[in-house]
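Report on one structure; see the data block that follows.
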Amino acid sequence: MKKSYLTLLLLPGLVFLAAFMVIPILLTVGSTFYHEGRFTVEGYLYFFKDPYFLKILWTTLRVSLVTTAICMLLGFPTAYFISQQSPRKKALLLALAIFPLLTSSVVRSFSWTIILGKKGLLNNMLLSVGLIQEPLNILYTPTAMMIGLIHLFLPLIIITLVGVMENIDTDLVKAAESLGANRFAAFCRVVIPLSVPGLIIGGILVFVGSLTAYTTPALLGGKQQVISTFLYQNAITLNDWYLASVVATIMMVITFVIIMIMNMLANKLNPKG
Amino acid sequence: MAMLTLENIAVSYDQQYILKDFNLSVEKGSLISLLGPSGCGKTTTLRLIAGFLDAKEGKFALNGKDYTRVPVNKRNFGFVFQSYALFPHLSVYDNVAFGLRLRKVNKADVDRRVRRMLDIVNLSGFEQRFPKELSGGQRQRVAIARALVIEPDLLLFDEPLSNLDANLRVNMRVEIRRIQQELGITTVYVSHDQEECFSISDQVAVMNKGIIEQLDKPSTIFKYPKTEFVARFIGFNNFITFDSRQENGNVIELQTKGRTFRALHGEGRGEQKGLKGAIRPDDLKLGTQEELGVDFNLLPGKVKVSTYLGRSYQYVIETELGEFTVNKEMEQPYISGQEVLVHFPIEKLIVVE
């Protein structure tokens, strides 16, 4: 009685998801296999045979993976530092860390164009110091995309990691030290293994976010396309909804596969029991 | 020879001293308990010895070596935490092997020592379990094995039994005592449970507000507390404040309000300094002069409250020297308001500061 009543509470959400997500996704995926009145995999063959498309796919994966890796590397020590502070300091530092998420991604990306451009802040500074003779070409490259994406997603991984790290009993680190571990050994043998769940979840968030991000790559990538901008171009500019659906399906499958792999990894590395 | 010595140790947090001019020495191979209410500084003392806290002043030495500035990981002390602090991501075997692997002990020796230690704590066969799959008592024993396997110079326990249920607590403290004596390892044990401390220790230090009120054998503390604080802590609920005292051979005579009480001196009773008499509710006697058969250490009073405790009755007796709590077994209980004589047996009345 009580249980069925509780299940009822799910209904509005379920209806919404079914109507606006599950059915559209099925329709999209279905449409890629049923084109012009017959079953076909033509769209996929067309995509995977074209080196230009493959290059876009490869660039997207590369940008996402590098972004995720750098976010992990930058986020991990930062998160550990924050997790060790007093509650008041922790709240303040977390608020600061989250701050980039509160600004619009359009504004943020444009700020980066000012900084990274040929005559931007960065180049001016490096030129005036004499570190470089010619302005660097950063803007409108994959590097610019990565910088923008790292700026965007670093807070996500920090929040996730702080959540996990502050639950690591400080006695565990003390126990390791009393058994002969120096700070570094205790960090490697206790803190890192116990932070793996946070690292994996944070990593998934960053990777999927980078893979599907549109604004940042569109504004900072210039002519360099990623899957999401390519998808947009096909659907809106070229009006090729068939190819756009194929690309969307590929994107979904990749995301799905990556999440599965990371979950498997998490199960392997997670604390047992 | 004293093996562990703390000299004039001071520890402070935010300008506030938790320990000041703190001194302690422990004999080699013995088990000493630090006993006291929360906030008395016992855990601080233990963490200082372990190296988790720095002394602001003073010196801590072990076997003549100065450890005051030695970092935790170079001390080679075994620490057993209240929370056990087992590594949740490692199996029982790997938890115990943790310290040995850090010491780069070769694989065969690690295996031999881990298995021997698990055997000592009766956990053979549990090697591949993870901490979450163990009961509280088993986790406790893993924690002890992990601390012991490194052959520490000193073993430290921080309220190790407070998370266990009552039965297990009794079993575990016997176990801890057995292992400690088997290995002959000097041990400092912190607890707020007096029964636990008394049953397990060679010596007990009762602490209050950062100082040791008394350091003695458990039986001495139990029978002859030195100070009012210690007396209260171990169940002396009745106190009389005296105005003066004279010593007469092995008898101490104490006076207040024209009444004289006698207490004994000597025979392991310690110094018996001070002007306060203390006695347990179980040791006071009630009755008429004929029933009691003595003519001194008597005080007339009136039954104020009578409570049935099952095995005995508990009375609160109102007298001109204040109220006294008395436990007495009897068929026919006193009723409230009844006049009665309170007897303070000379061998049970002790004098504290």
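Values in this text are rule-based calculations from the coordinates and carry no lab data. Note that the structure is a prediction, hence the values are computed from the model and not measured. Ideal geometry is used to build each Cβ from the backbone, glycine not excepted, and the neighbour counts take in all protein chains shown.
Miscellaneous remarks
- Over all other residues within a Cβ to Cβ distance under 15 Å of A:Trp112, the charged ones net out to +3, with Lys and Arg as +1 and Asp and Glu as -1.
- Compared with the dominant principal axis of the Cα atoms in chain B, helix B:92-102 is inclined by about 70°.
- Over all Cα atoms in chain A, the spread is summed up by Rg and Dmax: 22.7, 76 Å.
- Helix-only [θ]222 nm of chain B, DSSP H runs n ≥ 4, -39500 (n - 2.57) each, per residue, nearest 500: -7500 deg cm²/dmol
- Lysines whose Cα lies under 27 Å from that of A:Lys118, excluding same-chain neighbours fewer than 8 positions away: A:Lys55, A:Lys223
- With a 10 Å cut-off around each Cβ of A:163-172, the average count of Cβ atoms from other chains is 3.
- Taking every alpha-carbon pair under 8 Å whose residues sit at least 6 apart, the range B:176-247 reaches a relative contact order of 18 percent.
- Taken over the protein assembly as shown, the ratio of Cα radius of gyration to 2.2 N^0.38 Å equals 1.44.
- Average partner coverage of B:83-95, which counts Cβ from other chains inside 10 Å: 5
- Candidates A:Val41, A:Val66, A:Val246: whichever shows maximal mean-square fluctuation once chain A is modelled as a Gaussian network with Cα springs under 10 Å: A:Val41
- Cα-only Debye scattering, the range A:1-40: base-10 log of I(q)/I(0) at q = 0.15, 0.22, 0.28 Å⁻¹: -0.52, -0.71, -0.85
- Max mean-square fluctuation residue, GNM over chain A, Cα-Cα springs under 10 Å, options A:Tyr242, A:Tyr214, A:Tyr52: A:Tyr52
- Take each residue of peptide A:179-190, count the partner chain Cβ atoms within 10 Å of its Cβ, and average: the result is 5.
- Note on the range B:147-258: the alpha carbon radius of gyration divided by the globular reference 2.2 N^0.38 Å gives 1.39.
- Treating each Cα of the range B:229-352 as an identical point scatterer and summing with the Debye formula, the log10 of I(q)/I(0) at q = 0.13, 0.19, 0.20 Å⁻¹ comes to -0.51, -1.06, -1.16.
- Pairs exceeding 19 Å between alpha-carbon atoms, taken from B:Lys20/B:Lys42; B:Lys226/B:Lys348; B:Lys74/B:Lys209: B:Lys74/B:Lys209.
- In summary, the aspartates and glutamates within cross-link reach of B:Lys273, defined as a Cα separation below 18 angstrom excluding same-chain residues under 8 places away, comprise B:Glu213, B:Asp216, B:Glu228, B:Asp243, B:Glu247, B:Glu253, B:Glu347, B:Glu353.
- The value for chain B of Rg(Cα) / (2.2 N^0.38 Å) is 1.21.
- Per residue, the convex hull spanned by the Cα atoms of the range A:38-174 measures out at 210 cubic angstrom.
- A P(r) calculated from all alpha carbon pairs of the range B:1-83, with 5 Å bins opening at zero, reads 3, 14, 26, 27, 21, 8, 1, 0 percent.
- Ordered from longest to shortest, the equivalent ellipsoid semi-axes for the range B:81-221 are 29, 16, 13 Å, each the square root of 5 times a Cα gyration tensor eigenvalue.
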